[in-house]
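What follows is a set of notes on a single structure, which appears directly below.
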Amino acid sequence: MNNFKNLKVWQKGMQLVKSVYKSSNNFPKEELFGLTSQIRRSAVSIPSNITEGSGRGTDKDFNRFLDITIGSSYEL
């Protein structure tokens with residue numbers, strides 16, 4: 001599989017993670033273990049699943065991880 005760092009979708013996913021972390025710093029402190037944590041985890045999941053999928057041996061496996069990535073984006 002191709003190097004995931006060359007994929008625009010992975011690059012945009014990493015930009016999204018940085019943006020989410022920056023934005024969520026302004027959330028109320030009482031949400032740190034609730035909403036803030038959930039938003040951050042779903043954002044990190046996007047480029048993480050692209051990375052994991054690119055390491056798989058087949059396009060079918062990679063596509064499955066892209067489907068998971070879409071689910072994470074809906075969650076976010």
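Things to note:
- Dipole in debye (nearest 20) - the chain, about Cα centre, beta carbon charges: Lys, Arg +1; Asp, Glu -1: 280 debye
- Treating r as the C-beta distance of Arg41 and Gln11 and R0 as 22 Å, the FRET efficiency rounds to 0.65.
- Relative contact order, whole percent, for the chain stands at 36, derived from Cα pairs under 8 Å and 6 or more residues apart.
- Positive-end residue, the chain charge dipole about Cα centroid, Cβ charges, pick of Gln11, Thr36, Ile68: Gln11
- Summing charges over neighbours of Ser24, with a neighbour being any other residue whose Cβ is under 9 Å away from its Cβ, gives +1 when K and R count +1 and D and E count -1.
- Local net charge near Asp61, Cβ-Cβ under 14 Å (Lys/Arg +1, Asp/Glu -1): 0
- Computing Cα extents along the principal axes in Å directly from the structure and comparing it against (i) 33, 23, 19; (ii) 63, 24, 18; (iii) 43, 19, 15 singles out (iii).
A short reminder: the numbers here are calculations on the coordinates, not readings from a lab. This structure is a prediction, so every number in the text was calculated from the model and none was measured. So basically every Cβ, Gly included, is an ideal-geometry build from the backbone, and we count neighbours across all protein chains shown.
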